1. So which pairs qualify, if the first residue must be in the stretch 43-71 and at positive phi, the second must be open to solvent by 50 Å² or more (accessible area, probe 1.4 Å) and of a type in the set (S, T, N, Q), the Cβ gap must be under 9 Å, and the two must be at least 6 apart or on different chains?
2. Looking at (1) over 14 Å from Leu100 (Cβ atoms); (2) modelled with pLDDT under 90; (3) open to solvent by 70 Å² or more (accessible area, probe 1.4 Å), which is the one condition that is false for Gly53?
3. Do you know which of the residues in the stretch 3-46 that are β-branched (Val, Ile, Thr) and in contact with a Pro (Cβ under 8 Å, 6 or more places away or on another chain) is surrounded by the most Cβ atoms within 10 Å (Cβ to Cβ)?
4. Check Pro89 against each of (1) open to solvent by 100 Å² or more (accessible area, probe 1.4 Å); (2) touching a strand residue (DSSP E or B) at 6+ places or on another chain (Cβ under 8 Å) and name the one condition it does not meet.
5. Six or more apart or on different chains, Cβ atoms under 6 Å: show the pairs whose first residue is in the stretch 2-26 and closer than 26 Å to Glu79 by Cβ and whose second is part of a strand (DSSP E or B).
6. Please determine whether any residue of the stretch 56-76 is of a type outside the set (Lys, Arg), in contact with a strand residue (DSSP E or B) (Cβ under 7 Å, 6 or more places away or on another chain) and over 14 Å from Phe98 (Cβ atoms).
7. Report yes if Leu83 is at pLDDT below 85, under 12 Å from the mean Cα position of the chain (by Cα), surrounded by 10 or more Cβ atoms within 10 Å (Cβ to Cβ) and among the hydrophobic types (A, V, I, L, M, F, W, C), otherwise no.
Amino acid sequence: PGWLLSPAGRPYLDSILHKNQRRVFGLLERPALPPALAVPTVTYKLFLAGKSGVGKTALVAWLGGTSVPPAHHETLGIEATTLFWPAKPRASGRPVLFQLHLWD
């Protein structure tokens, strides 16, 4: 669980942070890693649906490391957020980079 903060995981964490805050990536962007640290990317698309005002947009903002809107504003259409998260699964022992497309 603490791999990301360990010396081995720190370069991966630094690739998704900017000034100690999660960096916002566009749909075609990805974290820059040195060739020695290149890892496979696993992509998931997560679609959040539910009643109005239950916190879907706030959840996406919290996961993405951006500020949570202070007041409720209805989301018109779909907002897509790309989130990267490095992890080291116990089964393989090799780091992977999860790319999450959150559709709100």
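The values are calculated or read from the model by the stated rules, or taken from the named source; none is laboratory data. Worth saying up front: this structure is predicted, and the values here are computed from it rather than measured. As a convention, Cβ positions derive from the backbone with ideal geometry for all residues, glycine included, and neighbour counts pool all protein chains shown. All accessible areas refer to the heavy atoms of the entire protein, side chains included, with ligands and DNA or RNA removed. Shrake-Rupley method; radii C 1.70, N 1.55, O 1.52, S 1.80 Å.
1. Gly65/Gln21
2. (3)
3. Among them, the one singled out is Ile16.
4. Here Pro89 meets the rest and fails (1).
5. Hits for this filter: Ile16/Phe84; Phe25/Thr82.
6. Yes: the stretch 56-76 contains one or more residues that are of a type outside the set (Lys, Arg), in contact with a strand residue (DSSP E or B) (Cβ under 7 Å, 6 or more places away or on another chain) and over 14 Å from Phe98 (Cβ atoms).
7. The answer is no for Leu83.
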